Amino acid sequence: MPLPAAHFLGPEEVDLPAAIHFAAVGFAALAATGAAILLTAIGVRRRDSRAVLVGTAFTAMAALLSLHGLATPGIILGFNGVVSFAGGATLPVGGAVLALSALPALQGPNGVRPLLWVQGMLLGGIASLGFIGLVSPSFVPAVPAPASTAAIVVLAIGLCFYGLLGLRALHTFLLTRRLADLFVVVGLSWLAGALVAALVLDFRQLGWWVGHGLELAGIGFVGGAVALDLHRSVQSRPLVGDLRGSELVSEEEAFLGSHIRALTVRLAEKDTYTEEHTRRVALRAVQVGEELGLPPGRLRTLAVGGLLHDIGKLSVPDQVLKKPGPLDKDEYAIIQRHPEHGRRLLGELGGFANGVLRLVHDHHERLDGSGYPQGLNANELDLDTRILAVCDVYDALISTRVYRAAWNAEKALGLLFEQAGSAFDKRCVEALARVLAREAASSLRAAV
């Protein structure tokens, strides 16, 4: 909401006292600088380069904004170029530092030290700028006039930085659906809006003042989300955008929620094999989904549906579920009801998307109508269900059971290819084969 407000209120002319700008911007940004330095220190202690990167960017932004406020003409200094230079540089510098998250060398623990050097140099440069402005205000160069050609060029470059970061953050949020990751998306959009106000408007317009508020709020939202992740001992991922669907499965409590974790724990207490099987199937399903180019929201559905697709087996008696041998007709009929039990359980608990309920209910259906519980055909099965069905059968075949030995990967894939086009979706089988081939190649390279 602040973005359209800044747009529509922007042209309004105001005449606010310089003391308001000095106090509100200067001291609020000074407090934000201290918070950003603290965030950096916590990131260093935990060797979390993502937190250090955010701390570095926000330390520079907040320090520049603080210098911008404290250099307000008529308070400490007379007319000077520091106030406009620091204000104009705040968001482009911050965006450029945040964009460094794209560099692989800065993403691991080894990136902490280089980032500290960057932060030290930036703070040194900002302190030097303030000193020069105090001693010789006219020495500080002028910045582009609002809405000038140079200002528009800087704006375009800055918006590219924030646009890239925003897309990464949005991708992460669509995977995790965490409120903290949504805060990062919102915070980045506010920083982008503040950049527009800073480079298009001047201090006599209300939108310019609203932009200052957006800067501070954006820093608070993004920095607060990173701080919250540090408090939870979870690496902050939105700005880097490197979260994979497989990590939703391996760290389900952090990214999918405690309610998913509680159900998987309950399933493990019921039958260890079933819980381990569902975890492997969910992992394969999101890998195949990524291979087929599914969007983040559907990958999340696959992760949740994969982890819970056999949750209905909580209702299956132990003497049937854990029987050390093949099932008879009546026992198999009991097993065949577990998809319906699972969907009913999740429906009673509430909070699960229709896509998840569909995966739990339909994962044993087949394209030719030979599956259960309803005997659906190809026209009634979406791609997500087809993916889960292929991964479910593959993992069952390569798993050791008390009544049969595990099949090797080649034999299991051979069966899937034999039935591709009839029982199973050929695209899904081929995508699974590609995923497994890459894993085998990676293992071979690692061994060499």
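Values quoted throughout were computed directly from the atomic coordinates according to the rules given, and no laboratory measurement underlies them. Note that this is a predicted model, so its numbers are computed, not measured. Backbone-built Cβ (ideal geometry, glycine too); neighbour counts: all protein chains shown.
Loop-located chymotrypsin sites (Phe, Trp or Tyr not before Pro) in region 8-81 (DSSP state not H, G, I, E or B) with no more than 13 neighbouring Cβ atoms inside 10 Å: 79. Residues in region 311-323 carry Karplus couplings, in order, of 5, x, 6, 4, 8, 8, x, 4, 5, 8, 5, 10, 4 Hz; the curve used is 6.51 cos²θ - 1.76 cosθ + 1.60 with θ = phi - 60°, and Gly or Pro positions show x. Just one of (i) 23.3; (ii) 25.6; (iii) 25.0 is Kirkwood radius over Cα pairs in Å calculated from these coordinates, so which is it? Entry (iii). Taking 19 Å as the straight-line reach from the Cα of residue 323, the lysines in range (excluding those fewer than 8 positions away in the same chain) are 270, 313.
When the inverse distances between all different Cα atoms of region 326-448 are averaged and flipped, the Kirkwood radius reads 16.0 angstrom. Here r is the Cβ-Cβ distance between residue 441 and residue 399 and R0 is 25 Å; the resulting FRET efficiency, rounded to 0.05, is 0.60. Length gained on full extension, residue 269 to residue 377, computed as 0.36 nm times the residue gap minus the Cα-Cα distance: 35.4 nm. Amide H to amide H distances under 5 Å link residue 205 with 14, where only residues 5 or more positions off or on other chains count and H is placed in the peptide plane. The length gained on full extension between residue 251 and residue 353, counted as 0.36 nm times the residue separation minus their Cα-Cα distance, comes to 34.7 nm.
Long hydrophobic helices in the chain, taken as whole DSSP H segments with a C-alpha length of 24 Å or more on their own axis and mean Kyte-Doolittle hydropathy at least 0.0: 26-45, 49-70, 82-99, 112-135, 149-176, 179-200, 206-231, 426-447. Between the alpha-carbon centres of region 29-88 and region 418-438 there is a gap of 53 Å. Relative to the current alpha-carbon distance between residue 408 and residue 31, full extension at 0.36 nm per residue lengthens the span by 129.6 nm. For residue 427 and residue 231, a Förster radius of 35 Å and the Cβ-Cβ distance give a FRET efficiency of 0.25, rounded to the nearest 0.05.
Taking all Cα pairs closer than 8 Å and separated by 6 or more residues, the relative contact order of region 2-231 comes to 26 percent.
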